[in-house]
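Structure first, commentary second.
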Amino acid sequence: MCLWHSPTFTTWGNYAVQSLRLIVVTPFLLNRFNETEIAAWYLFASLNFFGTILAQRFGLTFSRMFSFAMGGAQDLSPVLTGTSDLGDQRPNWSVFERAYGTLGFLNLLLGWFNVLAALGMAWYGLSNILEGYGDKGVIWCAFALMQGTSLLSFMFQHFQIALIGMNYVALVNRWGVFFGLASCVSGALCLSVGGGLLLLVLAMQCILLCGVYMNWRLLHLVEAGRVIHFRSLKFDREVLYWAWQPIWKGFVGQFGLMGSVQLTALIYTSIGSKLEVASFLFALRMMQTITQIAQAPFSSVQPLMARMVSTRDLSAFRLLVRQRIVYALSLTLAGVLSCAVALPDILGLIDAQIEFIPISAWLIFGGLSIVVRLDVLLCAVSATGNQIVCYWEMAISAILSAVLMLCFGDIFGIYAPILFSTIPLILLLNFRPYYNARGILGYGAHSIE
């Protein structure tokens, strides 16, 4: 029962089910879809990255603000500025409601922004993939369906963010496991009976919307159903002021982290062969899955860390941070090495229509990704109190990566998106994340004590 209520274990369970979906659905997909459909499917996951960046920033910023409110804070400004009023340590539902309504309003704008951004990127990214393809209409219909369901998901994400901010991480994850399994089964069944790309998108995206509905139902059950009666669309200027700096700085930084990878991948779709593009996008998806699973020990305790920061419990915060960073990096290394050994043979066994990227390219990708993840985790230490650092360096690295990809992408082949998506970021960040984290943890001038 302890594991059932563990945020870390249930987060692993949630990620494991998402990985299971890859294990179960991917063989059918690689075996039954042609290279154009495979490339389009994996590209679809990249087209929402602008909206996903903003959604993640809203989620992280407001979940921490909700955690501050649950600790009794009278205002929800970044804690480490030293200006936040910690209150009486009992939930402040009044300020919680103001943040909840503002987040709902922002999510409405975000949903429509994501659709427009994805449409522009699809027009560029699909042009090369669909050149000479005879059934373009199906690909575009699948894209439209995915964007329509994504719009609803973005608009109502404040249900899940509120639950996480109240530290119901395990509860959210348990239902995430259920709907992940449902998505896995529906996708596999769809492909096993000969369903095409359009039916696959319909089956899996409908499960996504069911998860949104369940989060709304869960708000009826926790904290005596108090939050479900709050207004979901009520803009508050002061709440936006508290959240503004973490959001825009976090967006700039997240744009750098995700943009370095996604922009180089998008540019590669226009210069690489269809087979190379499909192979790289598959490898990229595997690497993203590994890093996502490996980050669970750290990300699952973010609400707890935010509470520790707000109550100035530095000794416990320091111990937890060190422990979870070691766990995350160890899991990343294990995942990279396991995939290097297993994936080439697995693709051969299932008669996949693509080959895995060269092992040398995968190991270079994995090594560079581990360095990037260390920098990300160190930056997250500062971000626990909604203080965002190194954001300009991250943004500049994304622009530099795209420029290098445009200029030299056709020279280095499949190594180009790997090198150009990571090396500029590593060089620009340098030791800054380390020094900032030392200060936040009490080893330097910027202690929270």
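Some observations on this one:
- Test: residue in region 40-61 that is farther than 23 Å from L151 by Cα, outside any loop (DSSP other than H, G, I, E, B) and not basic (K, R): no
- Output for region 355-371, where each listed residue is open to solvent by 20 Å² or more (accessible area, probe 1.4 Å) and within 17 Å of the chain's Cα centre (by Cα): I370
Conditions (1) within 24 Å of Y415 (Cβ to Cβ); (2) open to solvent by 30 Å² or more (accessible area, probe 1.4 Å); (3) not hydrophobic (A, V, I, L, M, F, W, C), marked per residue:
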residue	(1), (2), (3)
V201	no, no, no
M214	no, yes, no
Y268	yes, no, yes
G272	yes, no, yes
L281	yes, no, no
R285	yes, yes, yes
Q288	yes, yes, yes
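- Checking the stated criteria, I207 turns out to be under 30 Å from H5 (Cα atoms) and open to solvent by less than 40 Å² (accessible area, probe 1.4 Å).
- Inter-residue pairs, beta-carbon under 7 Å, first on the phi > 0 side of the Ramachandran plot and in region 300-320, second in a loop (DSSP other than H, G, I, E, B), 6+ apart: R312/I448; R312/E449
- Entirely in region 89-198, the helices (runs of 4 or more DSSP H) that have 2 or more residues that are farther than 30 Å from R312 by Cβ: 93-129, 136-155, 169-192
- Given (1) at pLDDT below 90; (2) among the aliphatic types (A, V, I, L, M); (3) open to solvent by 30 Å² or more (accessible area, probe 1.4 Å); (4) under 24 Å from the mean Cα position of the chain (by Cα), number of the condition V381 does not satisfy: (3)
Listed here are the residues, each with its yes/no results for (1) modelled with pLDDT of 80 or more; (2) open to solvent by less than 20 Å² (accessible area, probe 1.4 Å); (3) among the β-branched types (V, I, T).
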site: I247; (1), (2), (3): yes, yes, yes
site: L263; (1), (2), (3): yes, no, no
site: S299; (1), (2), (3): yes, no, no
site: A306; (1), (2), (3): no, yes, no
site: L314; (1), (2), (3): no, yes, no
site: V321; (1), (2), (3): yes, yes, yes
site: S330; (1), (2), (3): yes, no, no
site: Q353; (1), (2), (3): no, no, no
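The values are calculated or read from the model by the stated rules, or taken from the named source; none is laboratory data. All figures in this text were calculated on a predicted structure; none of them were measured in a lab. Note that we place each Cβ from the backbone using ideal geometry, even for glycine, and neighbour counts take in every protein chain shown. Ligands, DNA and RNA are stripped out before the accessible areas are found, and what is left, the full protein with its side chains, is counted by its heavy atoms. Shrake-Rupley method; radii C 1.70, N 1.55, O 1.52, S 1.80 Å.
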